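The values are calculated or read from the model by the stated rules, or taken from the named source; none is laboratory data. Bear in mind the structure is a predicted one, so any value in this text is a computation, not a measurement. Note that we place each Cβ from the backbone using ideal geometry, even for glycine, and neighbour counts take in every protein chain shown.
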Amino acid sequence: MTTPDPAARLEEQIDRWRSFLRRRRAIHATDVAELEDHLREQVAGLTGAGLDAEEAFLVAVKRMGALDDLSREFAVEHSDRLWKQLVVSSGDGAEAAGARKDAIVAFCLAAAAAVAIKVPALFGLDLGRDAAFYLRNASLFVLPLLTGYFAWKRGVDARTIGWLAAAFVAAAVFANVYPFQAQVPGSAAHDPGYTELLTALHLPIALLLVVGIAYAGGRWGEVAGRMDFIRFSGELFIYYVLIALGGAVLTGLMAMTFQSIGVDVEAFFQYWLAPCGAAGAVVVASWLVEAKQSVIENMAPVLTRLFTPLFAAVLVTFLATLVLTGRGVQIERNVLIAFDLLLVVVLGLLLYSVSAREPGAPPGLFDWMQVVLVVSALLADAVALWAIAARISELGFTPNRVAALGENVVLLVNLAWSAVLYLRFLGGRGGFARLEKWQTDYLPVYAAWAAVVVIVFPPAFGYV
Amino acid sequence: MEINKDLIAASSTPIVLAMLAEEDSYGYAILQRVQELSGGRMEWTDGMLYPVLHRLERHGFVEARWETAENGRRRKYYSITPAGREQLAEEHRQWEAVDATLRSLWSALRDSLPAPDAGAAGRAAGSGPLPQGA
């Protein structure tokens, strides 16, 4: 391993020393450069005084001080550095230039999304009067731009881009060619009908798959590529909610201040700030997730850690109450939707903790908590499904009910098999990777079911 | 003789500012100068100088710039600012006051304390942790 040439050997040692310094968060690249210059001067001075390169290096490093002490001193002076500053990307070098370019592209695309949502207004489509149009097409204003961002960032090949574009064109066609009926026939205002609302709800779910393929950028075929997209989606959601909260504060303050001078800004909010902000924020949030992914710990798994025990406790208590009191599930209009939402939340808790789990780690208490959560959710859902199945013919098959039932089945299948895989893992009869693979393989199923709702439901139910 | 850490920390600001008031400099040269002037008695851990320089920079007492040194390496030079000169004057006043107070106390105690210069004279000539000019 030893290099005979002392100069090369010295360079090697300095390289190693530099890489040790770089790992310290409080010491930035420019500081490392400054310290390295010092080290080299010191080495030169010492070799001039008669030491050989190796000795000189050791003495110079020793004089520099222990790495921990040095790091602590820098941390005291630059305490801000322990808090990762993310938006203000300082420093120089190719990395920072790339980050800046990335930010510029993201903000241009966000602006494009904000503009896109106002384009139909040029053709006389009013956000209030033609709400149904905007609801159906909401995802089509934003997701193509987001897909474009990732296609650009990952350097997706032209063939894939063609397929992704085709998917969006198809989505635009299905969202707009069907002769949807208004909910109140004959009313002047076009309130969206049932199947129309279902389209509006399911189109984004189907199109998220397209975004995911662009996000994975050629790695969609791999479990790791799809898992990255799952991680991304959780962070995107959290960042979007944070941005939305900030937007709400901004809106509230603006309304108050303008009200004080007697100017009504409600129309501006409704027609400009809210739609443009909501559209642009998707791209901005995605960029934030990308920019910080290697810098800050993912938030979604932290939240699942906090909430998995709480949700598990609530569900177990619910089941216990059900058994002890002998109450049945009341069949109301929205009971299926309520249980769908329950399963979605449980799936989210499972998915995002799976996404953050070290696959090689041995089973722990938290894993048991997950299983309790999933199994109790399955039991609760089974009780609800049983109650509904008994009366389904009496209730009738409305589009909403069939869609909700379909979703319930999709989620139930996923969670049931997840529970089996998890129990096998806990019993030592299968690796955790199986569960990861199952979850990532299942992603297209959500999109497929959403596509069925968008494409098949309107004609099947007579466009009501 | 080793000067204790608190004293080193307290004196680092006036020392660095005074050196930069003479001429612009960089970390290694500043440390060399400290060694030289103190006869090796003030031992600064090399790396610790930099947080001090950065603190002075944050307070606006010094300014930093990157330059290419004669050997082709990029080097960060520091220069004193007008605010730094003011600070230096202030430090000067304070240290004079401390010095004057101690001096009068030393002279009052001259007979009961061992003379400080006996050991230091020998050390100043050739000590320091490493040979300097050999």
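Here's the yes/no breakdown for (1) within 24 Å of the chain's Cα centre (by Cα); (2) buried (at least 19 other Cβ atoms within 10 Å of the Cβ); (3) touching a residue at least 40 places away in the same chain (Cβ under 8 Å):
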position	(1), (2), (3)
A:ASP228	yes, yes, no
A:LEU236	yes, yes, yes
A:TYR239	yes, yes, yes
A:THR257	no, no, no
A:ILE261	no, no, no
A:VAL265	no, no, no
A:TYR271	no, no, yes
A:VAL283	yes, yes, yes
B:LEU31 passes all but one of the listed conditions (1) under 24 Å from A:GLY65 (Cα atoms); (2) away from chain A (no Cβ under 14 Å); the exception is number (2)
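Condition check: within 14 Å of chain A (Cβ to nearest Cβ), without any contact (Cβ under 8 Å) to a residue 40 or more places away in the chain and part of a loop (DSSP other than H, G, I, E, B). Does B:MET48 satisfy that?
Numbers: within 14 Å of chain A (Cβ to nearest Cβ): yes; without any contact (Cβ under 8 Å) to a residue 40 or more places away in the chain: yes; part of a loop (DSSP other than H, G, I, E, B): no.
Answer is no for this residue.
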Quick count over segment A:393-415, residues being in a helix (DSSP H, G or I) and surrounded by fewer than 15 Cβ atoms within 10 Å (Cβ to Cβ), is 5
Taking only segment A:33-49 into account, find how many residues are more than 8 Å from every other protein chain (Cβ to nearest Cβ) and of a type in the set (D, E, K, R).
-> 1
Has segment B:54-73 got any residue that is touching a Ser or Thr at 6+ places or on another chain (Cβ under 7 Å), within 14 Å of chain A (Cβ to nearest Cβ), surrounded by fewer than 17 Cβ atoms within 10 Å (Cβ to Cβ) and over 20 Å from B:ALA21 (Cα atoms)?
-> no
Do you know which residues across segment A:50-72 are more than 8 Å from every other protein chain (Cβ to nearest Cβ) and under 47 Å from the mean Cα position of the chain (by Cα)?
-> A:VAL61, A:LYS62, A:ALA66, A:LEU67, A:ASP68, A:SER71, A:ARG72
A:GLY212 being crowded, with 21+ Cβ neighbours inside 10 Å, touching a Phe, Trp or Tyr at 6+ places or on another chain (Cβ under 8 Å) and in the same structural domain as A:TRP152 (by TED's automatic domain parsing) = yes
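Given the residues A:VAL335, A:VAL344, which is the only one that is more than 26 Å from A:TYR240 (Cα to Cα) and of a type in the set (A, V, I, L, M)? Before you say what the answer is, go through the steps one by one.
Values: A:VAL344 fails: more than 26 Å from A:TYR240 (Cα to Cα).
Among A:VAL335, A:VAL344, only A:VAL335 is more than 26 Å from A:TYR240 (Cα to Cα) and of a type in the set (A, V, I, L, M).
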Note on segment A:12-32: residues crowded, with 17+ Cβ neighbours inside 10 Å and either among the basic types (Lys, Arg) or facing another protein chain (nearest Cβ under 8 Å) (or both) are A:ARG24, A:ASP31
Taking only pairs six or more apart or across chains, which ones have beta-carbon atoms under 9 Å, a first residue in segment B:76-89 that is away from chain A (no Cβ under 14 Å), and a second residue that is in a loop (DSSP other than H, G, I, E, B) and acidic (Asp, Glu)?
-> B:SER79/B:GLU23; B:SER79/B:ASP24; B:ILE80/B:ASP24
State which residue is modelled with the highest pLDDT when the search covers only segment A:128-159 and only residues that are over 21 Å from A:ARG219 (Cβ atoms) and not in a helix (DSSP H, G or I).
-> A:ASP130
